[in-house]
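To start, the structure itself, in structure tokens.
The values are calculated or read from the model by the stated rules, or taken from the named source; none is laboratory data. In this text, all values refer to a predicted model and were calculated from it rather than measured experimentally. Glycine also receives a Cβ, built like all others from the backbone with ideal geometry; neighbour counts cover every protein chain displayed.
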Amino acid sequence: MKQSQLFTKTKKESPADEVSLNAELLIKAGFISKEMAGVYSYLPLGLRVIKKIENIIREEMNAIGGQEMKTSILQSKEIWEKSGRWSDEVVDNWFKTKLKNGNEVGLSWTNEEAHANILKQYISSYKDLPIYPYDFKDIFRNETRSKSGILRGREFYWKALYSFSKNEEEHNEFYEKAKQAYKNIFGRVGVGHLTYLTFASGGTFAKYSHEFQTLTGAGEDTIYVDEDKNIAINKEVYTDEVIENLGLIKDNLVEKKAIEVGNIFSLGTKYSTPFDLKYKDEKGEENLVIMGCYGVGLGRLMGTVVEVLSDDKGIIWPESIAPFKVHLLMLGGDENVKSEALKLYEELNEKGIEVLFDDRIDTSAGEKFADADLIGIPYRVVVSKRSLTDGGFEVKKRIEESGRIVSFNDLVNLLETKN
RNA sequence: CGGGGUGUAGUAUAUCGGUAGUAUCCAUGUUUUGGGAACAUGAGGGCCGGGUUCGAUUCCCGGCACCCCGACCA
């Protein structure tokens, strides 16, 4: 994409109404726009990052048998009354509205009811199980206080997968697969080294649930980390009994602030009971389906990456989720420079390498460099009179101090390499 | 929901009971072009409602919005 055609622009000033680093950088660089407290729109650059994250999650979910679908956002009162979660006394963060005929509807704030209700139509035999439907979806929660930029919003985009299994064994087997898939996800988006499998409250049907907590001062949660074993305990269940239970030693646990980027937990028959979600086994006997829930907030994950990976000049995107792989800067309006830059841009496009081409004519070199650092694309390639005189193109990674000159062919080969 | 704070141009801010200044951004022109270029010209502003006052952007009251701390967060 040509930067001259990108409608967003970077800002020199930090927004006055944002304190959190993720919102500050994402707004300055033109990834998101604030609509109101806790509600953000995703601009072209930001949406590209969300799509990258979405694809990574999609690949991991499909790999363990997930089937993508999309449940509706408008939810009927009847379904939620079945599970006992319609009442504002029970759930205080509903957004509710009414149809013209006066019927009450709610904007979905989670997906158990929707999935259980739909699957009721399709599950009747042991042959129908197990199944793993999931969706990417906008979720609405009327939080009393949103905060931390896109880490905690009233409207956000998430992935939720639900497992429907015949029995505990089958459930547990999938649960372990999902755990690994989640580790893969956080590794692939570039925060694996800071993300810990964290034991948290399990609710009625399991001893523990598992959260994936990424270490950052911007986080809302306190966890106790065992760095050697690569696991942690959430403060909410941090007791001597639990520590012993998990085979950990208190002295090895370090208190840290972290943000919950994902969680998985066993639901047992909590929702299959109210929705009468049963199947007939081989003997013709009816059994309740065992459910599990597996969620990730995509916006929160994007914000977490920004919190964790940036410097005083801007964002440092991991290549896996960067809006583009290459930021091509054309310096000066020299005809030779222009034609070389355009040639490289077209060559990279042909090879399917995503490149943001800063083709702006009247923009100074310093401004282009500053923008490139702020936007944070992994590779910066400079075409200028100087670079051509020196033998080609200057290539520099965002994390590197200085670049080096390479030839056209070497550059194309370098950028074509998968890593 | 309790407590605290802030609302001035697209953005960031200054000053002031006598109708608002700067930077950035934007437009035009000239000169520039490897770390947010220079000069000139121009466009653009007091959250909403009420009160006090000769006069309110400024003071007071109410509302709304936003931020922070806390509570809350399947």
Revision key, fill the gap. A:L348 vs (1) within 14 Å of RNA strand B (Cβ to nearest atom); (2) surrounded by 21 or more Cβ atoms within 10 Å (Cβ to Cβ); (3) among the aliphatic types (A, V, I, L, M): all pass except (1)
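Okay, residues lined up against (1) closer than 23 Å to A:K70 by Cα; (2) away from RNA strand B (no atom under 12 Å from the Cβ):
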residue	(1), (2)
A:K166	no, yes
A:Y182	yes, yes
A:I185	yes, yes
A:G190	no, yes
A:H193	no, yes
A:F199	no, yes
A:L215	no, yes
A:E220	no, no
Practice item. Please tell me if A:E59 is touching a Lys or Arg at 6+ places or on another chain (Cβ under 9 Å) and either at pLDDT 95 or above or surrounded by fewer than 17 Cβ atoms within 10 Å (Cβ to Cβ) (or both). Key: yes
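What residue, among those in the stretch A:332-381 that are part of a loop (DSSP other than H, G, I, E, B) and charged (D, E, K, R), is nearest to A:D311 (Cα to Cα)?
Ranking the qualifying residues of the stretch A:332-381, first place goes to A:E354.
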Review point. Looking at the stretch A:383-419, which of its residues are in a helix (DSSP H, G or I) and either crowded, with 17+ Cβ neighbours inside 10 Å or within 11 Å of RNA strand B (Cβ to nearest atom) (or both)?
Key: A:K385, A:R386, A:S387, A:L388, A:T389, A:L411, A:V412, A:L415
Exercise for review: Report yes if A:E307 is of a type in the set (D, E) and assigned to a helix (DSSP H, G or I), otherwise no.
Suggested key: yes
Check your understanding: For A:L267, are the conditions met, namely being in contact with a strand residue (DSSP E or B) (Cβ under 6 Å, 6 or more places away or on another chain), closer than 21 Å to A:I131 by Cα and either modelled with pLDDT of 95 or more or within 12 Å of RNA strand B (Cβ to nearest atom) (or both)?
Key -> yes
Exercise for review: Output yes when any residue across the stretch A:198-207 is over 25 Å from the mean Cα position of the chain (by Cα), among the aliphatic types (A, V, I, L, M) and part of a helix (DSSP H, G or I), and no when none is.
Suggested key: no
Exercise for review: Find the residue count for the stretch A:24-63, including only residues that are near RNA strand B (Cβ under 8 Å from one of its atoms) and under 18 Å from the mean Cα position of the chain (by Cα).
Suggested key: 2
**Study point:** Matching residues, the stretch A:369-382, being more than 9 Å from RNA strand B (Cβ to nearest atom) and of a type in the set (V, I, T)
**Key:** A:I375, A:I377, A:V381
Point to revise | Single condition A:L74 does not satisfy, out of (1) among the hydrophobic types (A, V, I, L, M, F, W, C); (2) within 22 Å of the chain's Cα centre (by Cα); (3) away from RNA strand B (no atom under 16 Å from the Cβ); (4) over 24 Å from A:N184 (Cα atoms) | key: (2)
Review point. Identify, please: which residue in the stretch A:109-161 is at pLDDT 95 or above and small (G, A, S) and is, among those, farthest from A:A37 (Cα to Cα)?
Key: A:S125
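Conditions tested, residue by residue: (1) within 16 Å of RNA strand B (Cβ to nearest atom); (2) under 30 Å from A:R48 (Cβ atoms); (3) at pLDDT 95 or above; (4) under 32 Å from the mean Cα position of the chain (by Cα).
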| site | (1), (2), (3), (4) |
| --- | --- |
| A:E282 | no, no, yes, no |
| A:E285 | no, no, yes, no |
| A:L288 | no, no, yes, no |
| A:M291 | yes, no, yes, yes |
| A:Y294 | yes, yes, yes, yes |
| A:L298 | yes, yes, yes, yes |
| A:L301 | yes, yes, yes, yes |
| A:V306 | yes, yes, yes, yes |
Check your understanding: In this structure, is A:G284 buried (at least 24 other Cβ atoms within 10 Å of the Cβ) and farther than 29 Å from A:E81 by Cβ?
Key -> no
Check your understanding: When the stretch A:1-17 is examined, which residues are found to be near RNA strand B (Cβ under 6 Å from one of its atoms) and touching a residue at least 60 places away in the same chain (Cβ under 8 Å)?
Key -> A:T10
Review point. Out of A:T273, A:T304, which single residue is buried (at least 22 other Cβ atoms within 10 Å of the Cβ), touching a Leu at 6+ places or on another chain (Cβ under 8 Å) and of a type in the set (S, T, Y)?
Key: A:T304
Review point. Give me the pairs: first residue in the stretch A:23-36 and touching a residue at least 60 places away in the same chain (Cβ under 8 Å), second residue near RNA strand B (Cβ under 8 Å from one of its atoms) and of a type in the set (V, I, T), beta-carbon distance under 7 Å, and six or more apart or on different chains, which are they?
Key: A:K28/A:T10; A:A29/A:T10; A:G30/A:T10
